[in-house]
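Here the structure is laid out as structure tokens; the discussion comes afterwards.
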Amino acid sequence: MATAGGAKTLGRNDIGTLVPGKAADLILLDWSSLSYAGGRNDPADCIVRSGDARMVDTVIVNGEIVVKKGRLLRIDEWQKSAYADEISHELLQRASKHFLALQEEIISSVQESTGGAL
């Protein structure tokens with residue numbers, strides 16, 4: 001099993017097998033999406049070539065479930081999403097002010113160089 005070989009390579013005996021008392025991180029993937037059709041024949045290749053976060057169903061870190069049915073359990077996803085929307089809105093507002101000033105500067109420059117014509 002790859003986990004045992006990896007633990008041996010790292011010189012660790014507290015990991016590498018799935019037994020009570022040892023540290024373990026696991027991911028469970030949902031292969032039911034049509035976009036992964038055929039991928040079950042070579043799962044490692046499918047993960048590397050076409051895998052993305054949407055295929056993650058469950059994540060267990062050191063025995064604690066931190067993702068279930070694709071949802072993060074340690075944070076409020078809705079709150080983080082709303083915060084990201086708020087920040088991006090602020091950034092767009094700031095950028096648009098600079099963009100309008102730049103637009104006016106370009107129009108003025110073009111008008112000067114063309115004698116007032118656009």
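What follows draws every value from the coordinates through simple rules; no lab data is involved. Please read all numbers here as calculations on a predicted model, not as lab measurements. Positions of Cβ are generated from backbone atoms using ideal geometry, with glycine treated the same way; all protein chains shown enter the neighbour counts.
Given their separation in residues at 0.36 nm each and the Cα-Cα distance between them, VAL56 and ASP30 gain 8.7 nm when the chain is fully extended. Between THR114 and ALA82, residue separation times 0.36 nm minus the direct Cα-Cα distance comes to 6.9 nm. Annotation: the residues THR3, THR17, sorted from fewest to most other C-beta atoms within 10 Å of their own C-beta, follow the order THR17, THR3. Sparsely packed loop sites in the range 42-72 (the trypsin sites (Lys or Arg not before Pro) outside DSSP H, G, I, E and B with at most 15 other Cβ atoms within 10 Å) comprise LYS69. If the chain linking ILE106 and LEU10 were pulled fully straight, counting 0.36 nm for each residue of separation and taking away their Cα-Cα distance, it would gain 28.6 nm.
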